[in-house]
Amino acid sequence: MTDRSESDRLQKENWFQRTVRRPEIGAFIVMMIIIVALAMASGGKAFNALGLKNNVAIIAQLGIIATGAALLMIAGEFDLSIGPMIAFAGMSIAIMLKWGLPFGLGEATPFLAFLITLLMTLAFGWLIGTIVVKSGLSSFIVTLAFWFFLRGLTEVCFRLINQNTNVSGLPDFKKESWFAEQMGGEVFGWFFDAWYWVGTKFSAGLEFTADMTKSEKIELINYLSFLNINRKMEQWVTGFDARLLWFIIIAGAAWYVLARTQLGSWIYATGDNKESARANGVPVNRVKVGLFMFSAFCATIFATCQVLDTNSSDAAKGMFKELEAIAIAVVGGILMTGGFGTIVGVVFGAITFGLVANAVFFIPWIDGAWFRVFVGTVLLLAVFANERIRKRITGGI
Amino acid sequence: MASKSYMRVENVVKKFGPFTALDDVDLDIAPGEVHALLGDNGAGKSTLIKILSGVHQPTSGSIYVDDKKIFFRNPRDAAAAGIGTVYQDLAINQLMSVTRNFFMGRELTSTFGVLRMDEMDKIAHEEMKKIGIDFSDPSQAVGTMSGGQRQTLAIARAIYFGAKVLILDEPTSALGQKQQMEVLKTIKRVRARGDIAIIFITHNEIHSKLIADRYTFLALGKVIGAGTKKELAGEDIRRLMAGGAEMADLEQELSAI
Ligand SMILES: Nc1ncnc2c1ncn2[C@@H]1O[C@H](COP(=O)(O)OP(=O)(O)OP(=O)(O)O)[C@@H](O)[C@H]1O
Ligand SMILES: [Mg+2]
């Protein structure tokens, strides 16, 4: 009796038991259900060569801002200014590319336009963070104020400088600027090259002939689309949107920081119990301000990719994106109260949301508004699930 | 016993707006001694130790460490001067693991702030074991630990990080009998090292008599009595603990209800 120790009371778990208790498990299951459902409902089209490229593009786009929102939420704060920050950054870059650098300093290259814009958005992030930590006000209300402020500022700048709330038809910078290609161009071409190479092995002898009926032709096109071959029997898709690279970099860095570094420990400590973190010497305020700036950084990357991909921008860009980013973070298992969650969960959340947002393109009979119905439902379920996890960890309080 | 003091507090006043939480408080703390800080609820004990640990700054008055006047701008300053505090609320984060709590704010890192997690797990486990708790899983969340275990974690943490002054704010108040004794034993063990001064806040008369060498009594923000165990031998400790109120007829009062 007396030689029983504390450690005997903890049951050893095997790999499987540990996995199903992981906080991301809910987000993973939802993601798998969506992948399977979408594949079946679209007859696989959602995951043919072009389908995959388009889906990954929106997943990466949402994932970039969700990562920024998630880190901030783990530290116990919200950022409602993500959407307007995207619009502001997009405006700033597009206007510089069209009208040149401020103060008549000459032509703007994409990189310079990005850099100057980033300085401004980081300054806004710093300002928001500083106001939040100094005033002790809820970040909800402070960033709501900046939501209006930045939306208004973006439109005013557009009208004052451009006489119009959008810039379109910019020249395509991707050919001349390496930077523009990395932001708005294509990456991982080898993936689709390999796909095409394998595809050619399965398409040997197939061709379009004059005596084919229309439905036979459609069937053949459909078949070839899974081999990354177009109707001229050439390679169809050549690469992912460059956003994917940025998503991987940003989410990868965020994951590493959270899981393996001192800063990660500080972020968790700040969101869990600010006072105890401070009492132990964690620079709580600097962590928060830094994360508001990181969120602004993510919004700027989002905007830069968008402008350099489409060669245009307008004042309505980034609409609802702050809400989607927060929703993804919550579905990914980040607690609304802070202090808990992982980037792996956020990635699952981003994949789920991206696929559902795009579903309307692959399932023609579906009404696009179902996306919001789905988001609302899943969000509510996720909050309940997260609350259960939180109670399990805190011992039920 | 009365060795040279390590830390001295002189004429400290702390005001929260119009409210005077501490008024002209003196305190003397020496290594190898347990200094009991006693007083009724709201007397200002927690406020005083928050000043000693850099959470609050005094409105006026001075603090000396090793006879040098110092000013703690934040808890980091205090920790650097060897003040290790175990708060009433323990300054522990429920959702985080034992190891991450143990090293909170002072993580072991290699280049670029990368955590040396295995080493940290090992140290946390060993240090906790030294003073009485054997944990098999350092990644367990603290939220699921018992009160005494959390207390031990907080004390082990303070000692490991080189505390010269260990401040314990009501370490026994939320614990069961056996765990209370464990904590008192831990305090004795720390005292026996001889190089650490302990400030011990409690509402428990028996506990304070069991382990304290020196006493300071606070009431409504003022010191109403102080001295070593010997000096106070004739005094009524219980009366001083209650802020000077007569407690003798408590039993009668209670039975009259
Ligand atoms: N941050 C603050 N702002 C305003 N008043 C405060 C603050 N902190 C403490 N006080 C007040 O100072 C007084 C002393 O509080 P303190 O927490 O130091 O008491 P205590 O002696 O530790 O009591 P207990 O035994 O109940 O823990 C109380 O009246 C309290 O309300
Ligand atoms: Mg107290």
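Values as computed for the structure displayed
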read-out: Output for the stretch B:179-203, where each listed residue is out of contact with any strand residue (DSSP E or B) (no Cβ under 9 Å at 6 or more places or on another chain) and open to solvent by 50 Å² or more (accessible area, probe 1.4 Å); value: B:GLN179, B:MET181, B:GLU182, B:LYS185, B:ARG189, B:ALA192, B:ARG193, B:ASP195
read-out: Subset tally (residues that are over 26 Å from B:PHE19 (Cβ atoms), assigned to a loop (DSSP other than H, G, I, E, B) and modelled with pLDDT under 85) for the stretch B:58-92; value: 1
read-out: Sole exception among (1) of a type outside the set (Val, Ile, Thr); (2) open to solvent by 10 Å² or more (accessible area, probe 1.4 Å); (3) more than 16 Å from ligand 1 (Cβ to nearest atom) for B:GLY61, by number; value: (3)
read-out: Subset of the stretch B:1-23 that is open to solvent by 10 Å² or more (accessible area, probe 1.4 Å), away from ligand 1 (no atom under 15 Å from the Cβ) and not in a loop (DSSP other than H, G, I, E, B) - its residue that is farthest from B:ARG214 (Cα to Cα); value: B:ASN11
read-out: Filter result for A:ALA259 (touching a Gly at 6+ places or on another chain (Cβ under 8 Å), open to solvent by less than 90 Å² (accessible area, probe 1.4 Å) and of a type outside the set (Ser, Thr, Tyr)); value: no
read-out: Candidate set: the stretch B:140-173, residues that are within 14 Å of chain A (Cβ to nearest Cβ) and surrounded by fewer than 18 Cβ atoms within 10 Å (Cβ to Cβ); chosen: the one nearest to ligand 1 (Cβ to nearest atom); value: B:GLY147
read-out: Qualifying residue in the stretch B:72-80 (condition: open to solvent by 10 Å² or more (accessible area, probe 1.4 Å), of a type in the set (Gly, Ala, Ser) and within 16 Å of ligand 2 (Cβ to nearest atom)); value: no
read-out: Residues of the stretch B:36-50 that turn out to be within 12 Å of the chain's Cα centre (by Cα), more than 6 Å from ligand 1 (Cβ to nearest atom) and open to solvent by 10 Å² or more (accessible area, probe 1.4 Å), as a count; value: 1
read-out: Scope the stretch A:268-286; condition over 17 Å from B:THR85 (Cα atoms) and either buried (at least 18 other Cβ atoms within 10 Å of the Cβ) or more than 9 Å from chain B (Cβ to nearest Cβ) (or both); matching residues; value: A:TYR268, A:ALA269, A:THR270, A:GLY271, A:ASP272, A:VAL284, A:ASN285, A:ARG286
read-out: The stretch A:131-153 - residue that is hydroxyl-bearing (Ser, Thr, Tyr) and open to solvent by less than 30 Å² (accessible area, probe 1.4 Å) and, of those, nearest to A:GLU275 (Cα to Cα); value: A:SER139
read-out: Helices (runs of 4 or more DSSP H) within the stretch A:119-220 that include 2 or more residues among the hydrophobic types (A, V, I, L, M, F, W, C) and farther than 19 Å from A:TRP236 by Cβ; value: A:139-162, A:178-184
read-out: Single residue of B:GLY82, B:GLY61 found to be touching a residue at least 60 places away in the same chain (Cβ under 8 Å) and more than 12 Å from chain A (Cβ to nearest Cβ); value: B:GLY82
read-out: Sole residue being small (Gly, Ala, Ser), in contact (Cβ under 8 Å) with a residue 24 or more places away in the chain and at positive phi, chosen from A:GLY169, A:GLY185, A:GLY199, A:GLY136; value: A:GLY169
read-out: Failed condition for B:ILE51, given (1) among the aliphatic types (A, V, I, L, M); (2) under 12 Å from B:ILE167 (Cα atoms); (3) within 16 Å of ligand 2 (Cβ to nearest atom); (4) touching a Phe, Trp or Tyr at 6+ places or on another chain (Cβ under 7 Å); value: (4)
read-out: Selection count where residues are open to solvent by 20 Å² or more (accessible area, probe 1.4 Å) and either part of a helix (DSSP H, G or I) or of a type outside the set (S, T, N, Q) (or both), scope the stretch A:228-242; value: 6
read-out: Residue identified as open to solvent by 40 Å² or more (accessible area, probe 1.4 Å) and modelled with pLDDT of 90 or more among B:GLU119, B:GLU126; value: B:GLU119
read-out: Verdict on A:PHE111 being part of a helix (DSSP H, G or I), within 21 Å of the chain's Cα centre (by Cα) and not hydroxyl-bearing (Ser, Thr, Tyr); value: no
read-out: Failed criterion for A:SER265 (all others in (1) in contact (Cβ under 8 Å) with a residue 40 or more places away in the chain; (2) within 9 Å of chain B (Cβ to nearest Cβ); (3) surrounded by 23 or more Cβ atoms within 10 Å (Cβ to Cβ) hold); value: (1)
read-out: Filter result (outside any helix (DSSP H, G or I) and open to solvent by 10 Å² or more (accessible area, probe 1.4 Å)) within the stretch A:80-107; value: A:LEU80, A:GLY100, A:LEU101, A:LEU105, A:GLY106, A:GLU107
read-out: Check on B:ASP137, assigned to a loop (DSSP other than H, G, I, E, B), within 13 Å of chain A (Cβ to nearest Cβ), open to solvent by 10 Å² or more (accessible area, probe 1.4 Å) and out of contact with any Asp or Glu (no Cβ under 9 Å at 6 or more places or on another chain); value: yes
read-out: Members of the stretch A:223-241 that are hydrophobic (A, V, I, L, M, F, W, C) and within 14 Å of A:PHE192 (Cα to Cα); value: A:LEU224, A:PHE226, A:LEU227, A:ILE229, A:TRP236, A:VAL237, A:PHE240
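The values are calculated or read from the model by the stated rules, or taken from the named source; none is laboratory data. Keep in mind that this is a model prediction, so the values were computed, not measured. Cβ: placed from backbone, ideal geometry, glycine included. Neighbour counts: every protein chain shown. For the accessible areas, the whole protein counts, side chains as well, though only heavy atoms, and no ligand, DNA or RNA atoms are used. Shrake-Rupley method; radii C 1.70, N 1.55, O 1.52, S 1.80 Å.
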